[in-house]
Structure formats: structure tokens, C-alpha cells
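**Student:** Have a look at this one before I ask anything.
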Amino acid sequence: MNIVNGLFLIVVGLGVMGFGLMLFYALLPLFYAFFGAGVGFWLGSLLTSTPPEQMSLIKLLFALGGVIVFAGGAYFFETFRRILIGIGLGSLLGGLIASALGLTGFFGVVIMLIAALIGAGITLAVFDTFIVVASALGGAGLAMDGGHLIFQSMDVLDRTTIAAGAYTPLVIWGVLAAVAMGWQFANLGRWTGNVR
């Protein structure tokens, strides 16, 4: 079960990490579905106070619920898409940060909510840049967590050890995100050229 869930997180993470901005412009509901899956997974993790490597039906149900809520929101509230994506990306990053700091339950959810509000505000100011940065960070975190589900003995992929002072997972997360940002910024004009 961990291998299947790990592969799911890796695929979602790599897709969001490498093509976040393109997915937004080309496949809006699918883009929201990807982020909804991530947001739901982390909300389920924080509410059940379980680390990412412990998979459960509740987490999968929350991930599915996130897919439905965010994809549905993209369809029915298309005019508010920038605010919706800010909420989605902000809450995803908030969940990833809370888990890396070892904060679960109430405090983890509060961090997710605060990050969602901050994300909604930022997207209105610097939309494309925020999408690139947040999708690179969020996707890289999801891919690392998926890798850790499959290779649980590899502590270098365990982002929850960052709170205890482990720097290697933080460096790997940063490097993966930086590569993804470089790739997305290099393609920024091509992906957004037809939209503007």
C-alpha cells in the first residue's frame, strides 16, 4: 500500500513541480485537482496527527475530497480562479511546512489556514511568480514524501526530521524546488504567451 501511495505522491509532486504554471493555464480543473489532492492529503495528515509515511483511508478520502472541491471550484467559480489557486497553493505549502516542523492537529490546521489567506493575497499581486514558486515548493515536497513512503529507511527524504535539525532533507527539498523553478521560469513566456 505504501508503494502505491508513494508512487501517487511522486507523480502528483513531479507534475505540479515541473508544470504548475502550464497546468494552470492549459488544464485549469486538472491543475486544481492536483493541488486539491495535495491539500486534502495534508489536511488528513494534520487532523489525524499522523506522519506522511503512515498511510490511512482517512488521508485518501481527504485527498479525494480535495480533488472534488478544488476541481469543482475551478469549474463553478472560474472568475475567482486567482484567489482559489492562492488558497490552494498557500494551504498546500502550509501543510508541508507544518508537517516539516512537526506541528499536527489544531496548530497544523491553523498554519494551513493562515498560509491559505496569505497565498490568496499574494496571487493577486504577483500571480505567475507565485504560481511558479509555490508549485515548485509544493510539488517537490510531495515528491519527497512519496519517495519516503517507498524508501522508508532513507532518512534524507524524511522532511519531518527538519524540525529536529536535519538539514539534508531541507537541502534536497530546496534543490528540487530550485530546479523546478528554473524550468518553469525558462518556459514562462511560452506557457503564458497565448493567454495575455
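**Student:** Would you be able to tell me the number of residues in the stretch 154-196 that are more than 18 Å from G18 (Cβ to Cβ), more than 17 Å from the chain's Cα centre (by Cα) and not hydroxyl-bearing (S, T, Y)?
**Tutor:** Matching residues across the stretch 154-196 total 13.
**Student:** Follow-up question, since we're still on this one. Counting just the residues of the stretch 1-30 that are under 17 Å from L64 (Cβ atoms) and modelled with pLDDT under 75, which one comes out farthest from the chain's Cα centre (by Cα)?
**Tutor:** Going through the qualifying residues, I end up with M1.
**Student:** Looking at L149, is it touching a helix residue (DSSP H, G or I) at 6+ places or on another chain (Cβ under 6 Å), within 21 Å of G86 (Cα to Cα) and open to solvent by less than 10 Å² (accessible area, probe 1.4 Å)?
**Tutor:** No; evaluated as a whole, the condition is false for this residue.
**Student:** Could you list, in sequence order, all residues of the stretch 118-136 that are open to solvent by 40 Å² or more (accessible area, probe 1.4 Å) and more than 21 Å from F41 (Cβ to Cβ)? Explain how you work it out, then say what you get.
**Tutor:** First, pick out the residues of the stretch 118-136 that are open to solvent by 40 Å² or more (accessible area, probe 1.4 Å): 118, 121-122, 124-126, 129, 133.
Those that are open to solvent by 40 Å² or more (accessible area, probe 1.4 Å) and more than 21 Å from F41 (Cβ to Cβ): G121, I122, L124, A125, V126, T129.
**Student:** For the stretch 87-136, how many residues are within 28 Å of N187 (Cβ to Cβ), free of Cβ contacts under 8 Å to residues at least 12 places away in the same chain and either out of contact with any Phe, Trp or Tyr (no Cβ under 9 Å at 6 or more places or on another chain) or of a type in the set (A, V, I, L, M) (or both)?
**Tutor:** Final tally of qualifying residues: 2.
**Student:** Follow-up question, since we're still on this one. Quick check on G139: is it surrounded by fewer than 16 Cβ atoms within 10 Å (Cβ to Cβ), among the small types (G, A, S) and either within 25 Å of T48 (Cβ to Cβ) or without any contact (Cβ under 8 Å) to a residue 12 or more places away in the chain (or both)?
**Tutor:** No: the conditions fail for G139.
**Student:** Something else now. Having 1 or more residues that are modelled with pLDDT of 85 or more, more than 22 Å from A177 (Cα to Cα) and in contact with a Ser or Thr (Cβ under 8 Å, 6 or more places away or on another chain) is the bar; report the helices (runs of 4 or more DSSP H) wholly within the stretch 57-126 that clear it.
**Tutor:** 105-125
**Student:** Failed condition for T192, given (1) open to solvent by less than 10 Å² (accessible area, probe 1.4 Å); (2) modelled with pLDDT under 90; (3) under 24 Å from L43 (Cα atoms), with all others met?
**Tutor:** Every listed condition holds for T192 apart from (3).
The values are calculated or read from the model by the stated rules, or taken from the named source; none is laboratory data. Computed from a predicted model, the values in this text were never measured in an experiment. Note that we place each Cβ from the backbone using ideal geometry, even for glycine, and neighbour counts take in every protein chain shown. To get the accessible areas, we keep the full protein, side chains included, count just its heavy atoms, and leave off ligands, DNA and RNA. Shrake-Rupley method; radii C 1.70, N 1.55, O 1.52, S 1.80 Å.
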